[in-house]
1. Give the value in nm², to one decimal: projected area of the alpha carbon convex hull of the chain, averaged over all directions.
2. Share of the range 364-499's accessible area from carbon and sulfur, percent, 1.4 Å?
3. Under a point-charge model restricted to the Cβ atoms of Lys and Arg (+1) and Asp and Glu (-1), what is the dipole moment magnitude of the range 147-203 relative to its Cα centre, in debye to the nearest 20?
4. Report, in degrees rounded to the nearest 10, the 0 to 90 angle that the Cα long axis of helix 149-164 makes with the longest principal axis of the chain.
5. Enumerate the amide H contacts of A442 below 5 Å, restricted to partners 5 or more residues apart or on another chain; note that Pro and chain-start residues carry no placed amide H.
6. In whole percent, what relative contact order does the chain give with Cα contacts below 8 Å and a gap of six or more residues?
7. Highest first, please rank the peptides 429-441, 398-410 by the mean number of other Cβ atoms sitting within 10 Å of their residues.
8. Among P211, G132, W143, which residue has its Cα furthest toward the positive end of the charge dipole of the range 98-216, with +1 on Lys/Arg Cβ and -1 on Asp/Glu Cβ?
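The values are calculated or read from the model by the stated rules, or taken from the named source; none is laboratory data. Because the structure is a prediction, the values reported are computed rather than measured. Reconstructed Cβ throughout: ideal geometry from the backbone, glycine too, with neighbour counts over all protein chains shown. Just the protein is used for accessible areas: all its heavy atoms, side chains included, with ligands, DNA and RNA removed. Shrake-Rupley method; radii C 1.70, N 1.55, O 1.52, S 1.80 Å.
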Amino acid sequence: MTIPDIVLRGGRVIDPETGLDEITDVAVSGGQITEVGNGLPAAAVDVDVAGHVVTAGFVDLHSHTADVAGLRIRALDGVTTALELEAGTAPVATAYERAAAEGRPVNYGFAASWALARMAAVGGITLDGRIGTFLANIATPAWQGRATPAQVSEILTGLAADLADGALGIGVLVGYAPGTRPDEYVRVAALAAEAGVPTFTHARDLIELAPEALIDGAEEIVRTAAETGAQMHYCHVNSTSIRHVDRVLELVGRAQAAGSRVSTEAYPYGSGMTGIGAAFLAPERLHERNLTPASLTYAPTGEQVADEARLRELRATDPGGLAIIRQLDEDDPADLDVLLRSLLFPDAIVASDAMPLTWPGPVPDQMTWPLPAGAFTHPRTAGTYSRSLRMLAADRGGRVGAGGPLGLTETLRRSSLLPARLLESHVPAMRRKGRLQPGCDADIVVFDPATVSDQATYAEPTRPSRGIRHVLVNGTFVVRDSAVVQDALPGLPVRARPR
Ligand SMILES: [Zn+2]
């Protein structure tokens, strides 16, 4: 009898694919789950997890958090794979090389970036494989406008090169470049369809919000999916739809029923976050979203933006500076219900839109742990998955697994299996993720259903979630007894199959 490396003994083991939900043991060896069942032999590391849920680690399709410090906070929320698919990056090879050289606590991967390809082609910027480059150039008028046919060709060439380097899809931040012609968007989707990869869109403004938009943001996605046959993922449908979410989701539902490959995701928070220089945060456009300058908090200083003059100043001096955008009030039952509708939509994936950590002074070494005080981010970075369990799978007393609008297995399915399935046709590694089955990667989260909960708030956005007991990535503990294992960097690259 082979002795496993690790046995997780006596937990409530849930596999969202087969529906397994029973008290049993899980054996791990060589980075994989080798056995699930009772009476497994004693292992060198034999861990009693009675009273805990044992399930597949969470697969986040939408993570702008790139460094070790930020990814440790993600791991403390149960995330075992964090993918940068909405913004994407460029060159993807540079981003993969950097992550491999530095090491990562969780698995990582990148889409090609339409925005960065466009910034290079239209704005002449130099690409370095970092999200900061997008944020620093977010307000540059040139890249937000119409591209010439030659520039569109250059954008498509750049994207094709990154797809050839293993990019997982194409991220399309079209909502940040309102001058983009709809036919350019169609050509990007057609490229994705031809390559057999999905697109990940931050939608253009809805027509209700911006009547002068060249096309309604939701219509653009579903029409393009129908026209090109591309698999098109509608990112954070909560934050771009706000109070128009019913109209948007009905449109998506009709497109799905008609056979278009459109999927959605949402995160469980009422406020958004992005660079303060974003086109839709221009003072003259705030009214479209029922916002005022005071709806924004500038993260680097924590200040609530005083007035229009201060907003203009911040947009000019630090356009990539992150700002919290209060859109829906989670304490208002009507607003909370709007938010819930985007999370409850059939097969809506839980995805965080986790943000980079912002430091008021010098950026500490990414290996420094515990995290030095002062980092700012959005609480979704630290709390999305625990909060989703609490909102979607808990009874009124807060006990996860005892009720909730979705229930436990379905919430887990949306946090691990569905995102893995979205990618698995062209990313073989994803067939072994999002499942708690023998032969799958030992990316595992163990949590206490009685206490699991987010702790991060808008005031204290990096507070780790509570109740996440153990997290394994490729068979290595990155979180053990709710503490970060500091020398553990077992994350592996997730890349598309070479074509
Ligand atoms: Zn976005």
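1. Average projection, Cα convex hull of the chain: 21.3 nm².
2. Details: 2550 of 5130 Å².
Ligands and nucleic acids excluded, carbon and sulfur reach 50 percent.
3. Working: 2 positive and 6 negative charges, 31 e Å.
About 160 debye.
4. The two axes meet at around 10 degrees.
5. Amide H neighbours of A442: Q32, I33, N474, G475.
6. 20 percent
7. Listed from highest to lowest mean packing, they are 429-441, 398-410.
8. About the Cα centre, the residue reaching furthest to the positive side is G132.
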